[in-house]
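Let me begin by presenting the structure, written as structure tokens, before commenting on it.
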Amino acid sequence: MVPQRPLAWSLVVAAALLVGAGALPGHAQQPTAIPERPNAELLFDEGVAAFEDGRYEAAAERFRLAAEYPLHRKTTAALMMSGKALLQLQRPAEAIDRLSVLLAEYPETSYRAQAEALLEQARLQQDAAAQAQDTLRVGVTLPMGGAQAPLSQALFNGLRLAVDGHNGLRRRYIPPRGLAPADTFRVYDTAAVHSDSLADTDGSTTVATPTDTVRVDSLRIVTEKTRRPSWVAKMYFRATGATPQSAAAAVDSLVRLDGVDVVVGPIRSAAAEPAGRRAEAAGVPLLAPIATDPSVSKGRTHVFQANPTIPDRGRIMARVAAQGLLLDRVGVVFERGSRLSTQMARGFREAARQYGLEVPLSLPLRGARDWSRLPTLIEEDSTLTDSLLSRAEALYLPVSGRGAAGKIQGALTGLRQVVPSARVLGNAEWHDLPFMEAASAVTATYTNGFHVPMRRPASRRFVRRYRLLTGSPPDELSPDGRRLAYTGYDVARFLLRTAGGSAQVTSRALRTAPPYEGVGMRIGFKGQNANQLLFVHRYRDQQVERLR
């Protein structure tokens, strides 16, 4: 079977070769009055051959050159074929220009009906291109079942609040009479929906789905338009299944069926890694909101992690110690049996060399109980002399796992006996400890990826809008749900800000975007594919204060 050429090119070419195709401006066709120009006609013939071969760029150039000659027998044919080739190249503005010249200067051309049809097609193509340029299509893929469903809902609520805010929409629910307010917000899969033409009752939408991707059972949602943005963002949702492979399939569906510009999700590293692999193959940026395993974005161009990886947390602490705290020598104590503690310690040591920070000692602990046995372990280790211990201006203790607060308390008690003057550095597990006096005694300083200062107006606005949307404030969620609500909002706001005035999010733009200070997190990739920004806190006078 011979493949058909697009747009019925054979009919156009046959018509273009008719004798007398070119007519004098404003007059009926008069073949005998039109001069022959061999060079122009040769260019036209070359253009026809290139068009037949599907080489539309070469064809458009040959037709353009042929049409620029003084009037000849192929002038009108060259103008029409030029518009045809430009349409194939998705350059509707140029096609409109050529076809308009044809119709204006040669109103009685035999190609008039074809040119008008092509002109309408070019205008439709231009409108579609303008609409696509003015809309950021955000794909969202989250797990729907099991224990992760409430976390997905909280993250989605935050994403939606940010998108609604950008689009100038405000949603609030009205509970029926006699029913107490309850958070019954649910996410519904829209895998079967491929059109983005569906709208809410106010004529705008942020999610492509017949009934809206999110609804509230037994409650009525009122959508109010507060302003008209210069461009809109639309959300497209896919649920991930129970296997990591389903996350990759969800991303593939978002890319192929919905043509999304960027993907947010999934939640866990195990699902984010295969999802990222599919996004990388498609060349579509994917931003994993909380995945921390470095395999998610390692070696990839289009996959990003909004949550710093576990090794990066150690590297960031080394940078803070050297450049922020101006320390020269920091020892490391870590739990060898804990993968997270080991990775943070390794990251710290690697970055220490980069920043000229000396690590005079590195003490691996065999298990959780060793944190409270530090004096004994140090005494039994013949390599740890008093002079070596005294060289350390601070000790980095990356603690992780169950009972982290107990490990920290045991470590602080023991360190007072061995190195009472050393400062202590930590990680997010050191946040809001109940024994502030002991932490203040060593001026414990730590990095933290999540911090919500409720005195800030932005934080209070978020809480108010979240309550309007769901019926309850984020503080009534579980600790993980609360964090994901803020994370969803900040991740979406970061993407929308990066899109700027172009409604486009590119991998390069994400990698080079200026630091973003959100309501609960900081995001800045600094040329990397994993977030390089954390908050820095310290204990002093039995209080927690933020350093940066």
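Please determine whether any residue of segment 388-405 is farther than 18 Å from F348 by Cα and surrounded by 20 or more Cβ atoms within 10 Å (Cβ to Cβ). Taking every residue of segment 388-405 in turn, at least one turns out to be farther than 18 Å from F348 by Cα and surrounded by 20 or more Cβ atoms within 10 Å (Cβ to Cβ).
Counting just the residues of segment 455-483 that are among the hydrophobic types (A, V, I, L, M, F, W, C) and touching a helix residue (DSSP H, G or I) at 6+ places or on another chain (Cβ under 7 Å), which one comes out nearest to L151 (Cα to Cα)?
Initial filter on segment 455-483 (among the hydrophobic types (A, V, I, L, M, F, W, C)): 458, 462-463, 468-469, 477.
Now drop any that are not touching a helix residue (DSSP H, G or I) at 6+ places or on another chain (Cβ under 7 Å), which leaves 462-463, 469, 477.
Working: F462: 18, V463: 17, L469: 16, L477: 9 Å.
Only one residue fits best here, namely L477.
Just give me the residues in segment 369-387 being part of a helix (DSSP H, G or I) and of a type outside the set (D, E), in sequence order. Give the derivation first.
Restricting attention to segment 369-387, the residues satisfying the condition of being part of a helix (DSSP H, G or I) are 369-380, 386-387.
Residues satisfying the conditions are R369, W371, S372, R373, L374, P375, T376, L377, I378, S387.
Count of segment 241-256 residues, restricted to those that are closer than 20 Å to T135 by Cβ and touching a Lys or Arg at 6+ places or on another chain (Cβ under 9 Å), is 4.
Please return the ranges of helices (runs of 4 or more DSSP H) entirely within segment 404-519 where 1 or more residues are within 29 Å of G314 (Cβ to Cβ) and in the same structural domain as D386 (by TED's automatic domain parsing). Walk me through how you get there before you give the answer.
Numbers: elements: 404-418, 436-441, 457-470, 479-499, 507-512.
Ranges flagged: 404-418, 436-441.
A95 meets each of the listed conditions (1) among the small types (G, A, S); (2) crowded, with 22+ Cβ neighbours inside 10 Å; (3) more than 44 Å from the chain's Cα centre (by Cα) apart from (3).
When the residues of segment 258-286 are filtered to those that are in a helix (DSSP H, G or I) and out of contact with any helix residue (DSSP H, G or I) (no Cβ under 6 Å at 6 or more places or on another chain), which remaining residue is surrounded by the most Cβ atoms within 10 Å (Cβ to Cβ)?
Step one: of segment 258-286, the residues in a helix (DSSP H, G or I) are 258, 269-282.
Filter once more, keeping what is out of contact with any helix residue (DSSP H, G or I) (no Cβ under 6 Å at 6 or more places or on another chain): 258, 277, 280-281.
Working: D258: 23, R277: 19, E280: 19, A281: 14.
My answer is D258.
Inspection of segment 92-107 finds no residue satisfying the criterion of being modelled with pLDDT under 90 and within 20 Å of L495 (Cα to Cα). Screening S507 against (1) under 16 Å from F156 (Cα atoms); (2) surrounded by 17 or more Cβ atoms within 10 Å (Cβ to Cβ) leaves a single unmet condition, (1). The set of residues in segment 60-119 that are over 24 Å from N39 (Cα atoms) and either β-branched (V, I, T) or in contact with a His (Cβ under 7 Å, 6 or more places away or on another chain) (or both) comprises I96, E108. Only one entry in L361, L377 is in contact with an Asp or Glu (Cβ under 8 Å, 6 or more places away or on another chain), within 20 Å of Q417 (Cβ to Cβ) and either aliphatic (A, V, I, L, M) or not assigned by TED's automatic domain parsing to the domain that holds Q409 (or both), namely L377. Listed by first and then second residue, the pairs with beta-carbon distance under 8 Å, at least 6 apart or on different chains, first residue in segment 143-162 and assigned by TED's automatic domain parsing to the domain that holds L484 and under 16 Å from A288 (Cβ atoms), second of a type in the set (S, T, Y) and assigned to a helix (DSSP H, G or I), are P143/S152; L155/T487; G158/Y466; G158/Y486; G158/T487; G158/Y489; L159/Y489.
Could you say which residue among A351, A318 is of a type in the set (A, V, I, L, M, F, W, C) and either in contact with a Ser or Thr (Cβ under 8 Å, 6 or more places away or on another chain) or closer than 27 Å to D490 by Cα (or both)? None of the others qualify; the one that does is A318. Examine segment 342-357 for a residue that is in contact with a Pro (Cβ under 9 Å, 6 or more places away or on another chain) and within 16 Å of W430 (Cα to Cα), and state whether such a residue exists. Yes, segment 342-357 contains at least one residue that is in contact with a Pro (Cβ under 9 Å, 6 or more places away or on another chain) and within 16 Å of W430 (Cα to Cα). Consider V255 carefully, then state whether it is assigned by TED's automatic domain parsing to the domain that holds G146, farther than 18 Å from V163 by Cβ and not in a loop (DSSP other than H, G, I, E, B). Here the answer is yes, as V255 does meet what is asked.
Here is a yes/no grid of residues against (1) free of Cβ contacts under 8 Å to residues at least 40 places away in the same chain; (2) buried (at least 24 other Cβ atoms within 10 Å of the Cβ):
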| position | (1), (2) |
| --- | --- |
| A288 | yes, yes |
| G314 | no, yes |
| G324 | no, no |
| F334 | no, yes |
| A345 | no, yes |
| P360 | yes, no |
| D370 | yes, no |
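Applying the set (1) modelled with pLDDT under 95; (2) within 27 Å of S297 (Cβ to Cβ); (3) outside the structural domain of F156 (by TED's automatic domain parsing); (4) surrounded by 18 or more Cβ atoms within 10 Å (Cβ to Cβ) to A530 leaves exactly one unmet item: (1).
May I ask you to say which residue of R170, R220 is among the basic types (K, R), more than 22 Å from F304 (Cβ to Cβ), modelled with pLDDT of 75 or more and surrounded by fewer than 22 Cβ atoms within 10 Å (Cβ to Cβ)? Write out each step before concluding.
Details: R220 fails: modelled with pLDDT of 75 or more.
Result of the check over R170, R220: R170.
Among the residues of segment 132-143, is there at least one that is out of contact with any helix residue (DSSP H, G or I) (no Cβ under 8 Å at 6 or more places or on another chain) and of a type in the set (A, V, I, L, M, F, W, C)? Please lay out each step first, then the result.
Pass one, segment 132-143, residues out of contact with any helix residue (DSSP H, G or I) (no Cβ under 8 Å at 6 or more places or on another chain): 132-135.
Among the residues that remain, those that are also of a type in the set (A, V, I, L, M, F, W, C) are: 132.
Checking segment 132-143: at least one residue is out of contact with any helix residue (DSSP H, G or I) (no Cβ under 8 Å at 6 or more places or on another chain) and of a type in the set (A, V, I, L, M, F, W, C).
The values are calculated or read from the model by the stated rules, or taken from the named source; none is laboratory data. All values reported here derive from a predicted model rather than from experimental measurement. Backbone-built Cβ (ideal geometry, glycine too); neighbour counts: all protein chains shown.
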